[in-house]
Every structure is written in structure tokens, then in C-alpha cells.
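Structure first, commentary second.
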Amino acid sequence: MNKAILLRGALVLGVIWALVWGVTAWSGAKKATPEKVTEMIEEGEFEDWSEGESLSVSQARKEARLAQLDEMGEVLARLDLRQRKQLDEQGDLFALFFRLSREEKLHFINLTFNKSAERLMESFDQMPAEERERMVERSVRDMTSGQGAEALARLKEEDPEILTMVIKKGFKAYYQGASADTKMSLLPLMDAVGEVVQGFAKPGGGGL
């Protein structure tokens with residue numbers, strides 16, 4: 001066989017393997033796991049801008065942080081219910097949220113909540129009834145005495161307007177995104193949210 005043909009064949013195979021390796025490496029970097037989100041938080045080195053510190057920061061740094069949040073939001077949107085629960089229990093995402101400026105908090109909520117809520121409702125719908133019930137029980141415990149309750153209470157104290165947005169988006173996902181069986185299963189959780197943030201409408205009172 002002509003040596004030139006062999007050389008060209010080897011070069012083509014080399015390019016193909018390089019592309020395969022590159023796609024594999026890229027996919028691994030983008031893999032949606034709680035650990036990946038934690039890694040992105042740590043690498044992002046988010047300074048605490050919750051008290052207005054961002055006023056003296058350059059526009060370039062602000063845009064860079066928003067870009068980091070956008071990337072993180074893409075990963076968060078692909079987490080399933082169990083992965084999101086694991087991430088919440090670790091507390092890293094809650095800690096990050098309260099280091100963000102008000103503008104960033106609003107951006108992050110709008111960026112992640114709708115996609116994440118839709119994904120979570122789909123996960124609930126696909127669960128066997130017994131497993132869904134156990135997951136709801138654990139979520140209720142966290143909402144009434146765990147980190148979820150602490151986060152909601154802190155947000156209620158620091159910025160009730162943002163909390164109102166979160167609650168409305170959550171109820172909207174409940175009314176529009178869940179099946180009838182899932183709605184019934186989630187009633188205890190939605191009631192727990194209503195109790196933690198007293199004064200907000202509970203399920204059964206009409207959509208938000």
C-alpha cells in the first residue's frame with residue numbers, strides 16, 4: 001500500500017481520536033452532579049456582595065460573576081431530584097446564594113428556578129408512590145427544621161420581595177407542572193412552605 005495513503009489514514013485516525021477525546025473531556029467537565037456544582041462554587045471564589053460591596057467593583061468583574069452563575073445554572077437544571085436534595089443538604093448552594101448581590105440573587109432565581117422546578121416535578125412524577133412519599137417526608141422535615149427552613153427564614157428577614165418571588169414560582173410549578181398524583185403527594189410539603197413563610201397563599205387557594 002502506498003506510504004502516502006497510510007500516512008493520510010494515520011492522520012485522519014489521529015484527528016478522529018483527538019475529537020473523541022475532546023468531546024469526552026468536555027462532557028466530563030459539564031457532567032451534572034452535586035459535586036460539579038460544589039466545584040464550580042469553590043473555583044468561582046465568590047466574594048460576599050450581599051451588603052452592597054459590588055458598588056465599588058468593576059463592570060467586568062460583575063459580568064464575569066453573572067457568566068459563572070449562568071454556567072452553574074446550566075448544571076443545576078440537569079440535576080435530578082435526588083441530586084438536588086443532596087446538594088441542598090450540603091449547604092454550599094445556600095451559602096453561595098446569600099453571598100450574592102441583590103441583582104445576582106434575582107438573576108439566579110430567574111435563571112434556575114423554572115427549569116429546576118420543571119425537572120423536579122418530572123422526577124416526582126416518575127417515582128413510585130412509596131418512594132415519592134418518603135422523599136416528601138424528608139423534604140418536609142428539612143423545610144420545617146433543617147437548612148431549607150433556615151434559608152427561607154433568613155431570606156424572609158433580609159429581602160421579603162425576593163422570597164415572594166421564590167414562593168410564587170414554586171406554587172406556579174406545583175399547579176402547572178405536576179400530575180394529579182404528584183400534587184396530592186406534595187401537599188404536605190407545600191403546606192410546610194406556607195407555614196415557614198406565614199402570610200403566603202397555600203395550595204388550594206388558586207394558582208399564582
(message) If packing is taken as the average number of other Cβ atoms within 10 Å across a peptide's residues, how do 152-164, 58-70 rank, most packed first?
(response) 152-164, 58-70
(request) Between Glu161 and Glu39, with labels modelled 7 Å along Cα→Cβ, what's the label distance in nm to one decimal, could you check? (result) 3.8 nm
(request) Would you mind classifying segment 32-196 by shape? Square roots of the alpha carbon gyration tensor eigenvalues, ordered a ≥ b ≥ c; an a/c under 1.5 is rounded, otherwise it is prolate if a/b is larger than b/c and oblate if not. (result) prolate
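Just subtract the alpha-carbon distance of Phe94 and Ala67 from 0.36 nm times their residue separation and send over the number in nm, one decimal.
Working: separation 27, 0.36 × 27 = 9.72 nm, distance 1.88 nm.
Computed gain between Phe94 and Ala67 is 7.8 nm.
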(request) With label points built 7 Å along Cα→Cβ from the Cα atoms of Glu122 and Met184, find their separation and express it in nm. (result) 2.5 nm
(request) Could I have the simple spin-label model distance between Leu106 and Ala60, label points 7 Å from Cα toward Cβ, reported in nm to one decimal? (result) 2.7 nm
(message) Using a Förster radius of 41 Å, what is the FRET efficiency between Glu133 and Asp48 based on their Cβ-Cβ separation? Nearest 0.05, please.
(response) 0.60
(request) Report the residues of segment 78-119 in range of a label on Arg141: point 7 Å along Cα→C-beta, backbone N strictly under 20 Å from it. (result) 81-92
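Each value in this text was obtained by applying a stated rule to the coordinates, not by laboratory testing. Quantities reported herein were computed from a predicted structural model and do not represent experimental measurements. Methodologically, a virtual Cβ is constructed for each residue, glycine included, from the backbone with ideal geometry; neighbour enumeration extends over all protein chains shown.
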